[in-house]
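Undergrad: Got a structure for you, written out below as structure tokens; questions coming shortly.
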Amino acid sequence: MPPISEQNRQPSTTSLSSKGDKVIDPSTYFSTHVPPSNLNASKILVSEFVSKNSKINRPVVLVTSGGTTVPLENNTVRFIDNFSNGNRGAASTERLLEEGYAVIFMHREHSLQPYNRHYTHSAERFLDYFVAGENGEVQINLKYKEKIQTDFEKYSKAINNNQLLMVTFVTLSDYLFLLREVSLTLAAMKRNAMFYLAAAVSDFFIPSHNMSEHKIQSREGNLTLEMNQVPKFLKPLVMNWAPDSYIVSFKLETDPELLVPKARHALSNYGHQIVIANMLHTRKTEVWLIEDKKESHHLQLDSKEAANGVDIELLIIQELVKRHKEWINKN
Ligand code: 9Z3
């Protein structure tokens with residue numbers, strides 16, 4: 001696998017936001033922040049996983065999933081978080097596995113995980129899946145046995161066949177360092193690699209050197225925060241880290257007027273293959289697939305599918321896999 005070479009890193013510069021604020025570039029971010037302690041361990045796992053799958057010519061997709069935290073103190077007591085629970089990433093991973101992809105599931109610790117999500121975050125409490133047998137020993141409640149059996153088989157098959165690897169992040173910083181490492185490793189698979197960037201990554205952060213070292217004291221009165229813009233990591237990802245791979249980013253908005261224009265703007269800014277646009281409140285039932293110079297493609301669950309608990313990820317992944325294949329053949 002390629003090491004992180006200097007040419008893969010960007011020179012250190014800053015640019016200006018539309019308001020005239022300084023926005024640091026990704027390489028400045030990496031040289032002024034400390035990598036997470038699990039970075040090396042994750043890197044080794046990813047490297048082995050990619051090499052095993054490339055030997056058998058199995059396509060690999062990186063799925064990012066869940067929200068990032070933004071600490072307010074270096075010794076973190078408080079942090080800012082967001083709404084994402086990782087259902088999109090986890091459900092998409094299940095579909096991608098069924099389509100024959102190997103998946104690096106890069107997720108926020110304790111967010112929803114493929115197959116497990118049906119039990120850990122359902123209306124039932126986890127221990128309600130069990131009952132006491134004749135001698136009081138624990139047994140699976142018959143009501144759930146068939147479903148658990150099916151999910152267990154799919155999950156263990158994916159893990160045992162090297163088709164699913166899970167790596168974790170918590171903070172924005174963990175996420176950025178890990179994304180760069182995984183991208184540089186996965187880039188070796190070129191067109192056979194897909195990036196599916198569904199994580200809800202914070203747009204704002206407090207640089208480590210501006211952060212309070214210790215717990216912010218309430219006796220100092222009201223708290224005013226100044227947060228910097230997070231560098232646009234999609235740019236180096238598309239241009240330098242994985243320039244030959246199929247890159248899918250997500251755009252989330254709450255104002256419907258902004259959604260499609262901002263998705264198109266991202267495409268023209270970064271030059272990647274496709275943006276999946278979604279609105280906060282309807283994200284589970286409809287999305288738009290947006291490619292440059294093409295009409296946007298609306299995917300929506302009908303009311304029956306929605307009532308029956310069909311995941312819209314079924315439609316998203318069907319369509320994406322088709323487009324990835326077409327793109328490989330065209331190129
Ligand atoms: C998404 O838009 C995802 O679809 C959701 C999924 C986060 C809405 P859940 O995890 O939600 O199932 O609860 N992800 C990307 C959002 C984002 O931060 N995009 C950035 C942006 O819009 C660019 S990569 O600027």
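The values are calculated or read from the model by the stated rules, or taken from the named source; none is laboratory data. Bear in mind that the values here come from a model prediction, so they are computed numbers and not experimental data. When we count neighbours, we look across all protein chains shown, and the Cβ atoms used for this are built from the backbone with ideal geometry, even at glycine. We work out accessible area using only protein heavy atoms, side chains counted, and drop any ligands, DNA or RNA first. Shrake-Rupley method; radii C 1.70, N 1.55, O 1.52, S 1.80 Å.
Undergrad: Take the residue pairs LYS294/LYS325; LYS232/LYS330; LYS251/LYS293 and return only those whose Cα atoms are more than 25 Å apart.
TA: As for pairs spanning more than 25 Å Cα to Cα, those are LYS232/LYS330.
Undergrad: Further, regarding this structure: Quick one: give the max-minus-min coordinate of the C-alpha atoms of region 195-316 along each principal axis, largest first, in Å.
TA: In descending order, the Cα extents are 55, 40, 24 Å.
Undergrad: What part of the accessible area of the chain, given as a whole %, is carbon or sulfur when the probe is 1.4 angstrom?
TA: Percent of accessible area from carbon and sulfur atoms in the chain: 50.
Undergrad: Mind checking the dipole of the chain: about its Cα centre, +1 per Lys or Arg Cβ, -1 per Asp or Glu Cβ, Debye to the nearest 20? Walk me through the intermediate numbers first.
TA: Values: 37 positive and 37 negative charges, 161 e Å.
Roughly 780 debye, rounded to the nearest 20.
Undergrad: Could I ask something else about it? I'd like the distance between the alpha-carbon centres of region 125-148 and region 289-322, rounded to an integer number of Å.
TA: Cα centres, region 125-148 to region 289-322: 35 Å.
Undergrad: Follow-up question, since we're still on this one. If you keep only loop residues by DSSP, which GluC sites (Glu not before Pro) in region 238-331 have at most 10 other Cβ atoms within 10 Å of their Cβ? Show your work: numbers first, answer last.
TA: Working: sites: GLU253, GLU257, GLU286, GLU291, GLU295, GLU305, GLU313, GLU319, GLU326; in loops: GLU291, GLU295.
Filter output for region 238-331: GLU295.
Undergrad: Gain in length, VAL310 to SER268, computed as 0.36 nm per residue apart minus the alpha-carbon separation, to one decimal in nm?
TA: 11.8 nm
Undergrad: Another question, if that's okay. By how many nm would the segment from ASN210 to HIS121 grow when fully extended, if each residue of separation counts as 0.36 nm and the alpha-carbon distance is taken off?
TA: 28.4 nm
Undergrad: Can you pull the three principal axis extents for the Cα set of region 103-190, in Å, largest first?
TA: 54, 28, 20
Undergrad: Which entries in LYS157/LYS304; LYS190/LYS322; LYS262/LYS304; LYS43/LYS190 show an alpha-carbon gap greater than 22 Å?
TA: Over 22 Å Cα-Cα: LYS157/LYS304; LYS262/LYS304.
Undergrad: Over the chain, with the other protein chains present, what is the accessible area per residue in square angstrom, probe 1.4 angstrom?
TA: Ligands and nucleic acids excluded, the figure is 53 Å² per residue.
Undergrad: Non-local amide H neighbours of VAL61 (under 5 Å, H modeled in plane, Pro and chain starts lacking H): which ones?
TA: Those lying under 5 Å, H to H, from VAL61 are ALA102, VAL103, ILE104, MET194.
Undergrad: Another question, if that's okay. If you take every residue apart from ASN74 with its C-beta less than 12 Å away from the C-beta of ASN74, what net charge results, scoring Lys and Arg +1 and Asp and Glu -1? It would help to have the intermediate numbers written out before the result.
TA: Values: positive: ARG78, LYS215; negative: GLU73, GLU213.
Its environment carries a net charge of 0.
Undergrad: Another question about this same structure. Can you compute the helix-only [θ] at 222 nm over the chain? Use -39500 (n - 2.57) per DSSP H run of at least 4 residues, normalise by all residues, nearest 500 deg cm²/dmol.
TA: Calculated mean residue ellipticity at 222 nm is -10500 deg cm²/dmol.
Undergrad: Okay, moving on. Going through region 253-331, which trypsin sites (Lys or Arg not before Pro) have at most 16 other Cβ atoms within 10 Å and a DSSP loop state?
TA: LYS284, LYS293, LYS294
Undergrad: Now for a different question. Restricting to DSSP loop positions (anything but H, G, I, E, B) with no more than 14 other Cβ atoms inside 10 Å of their own Cβ, which trypsin sites (Lys or Arg not before Pro) remain in region 138-239?
TA: LYS215
Undergrad: Considering the alpha-carbon set of region 26-244 alone, what are its Rg and its Dmax in angstrom?
TA: 20.1, 63
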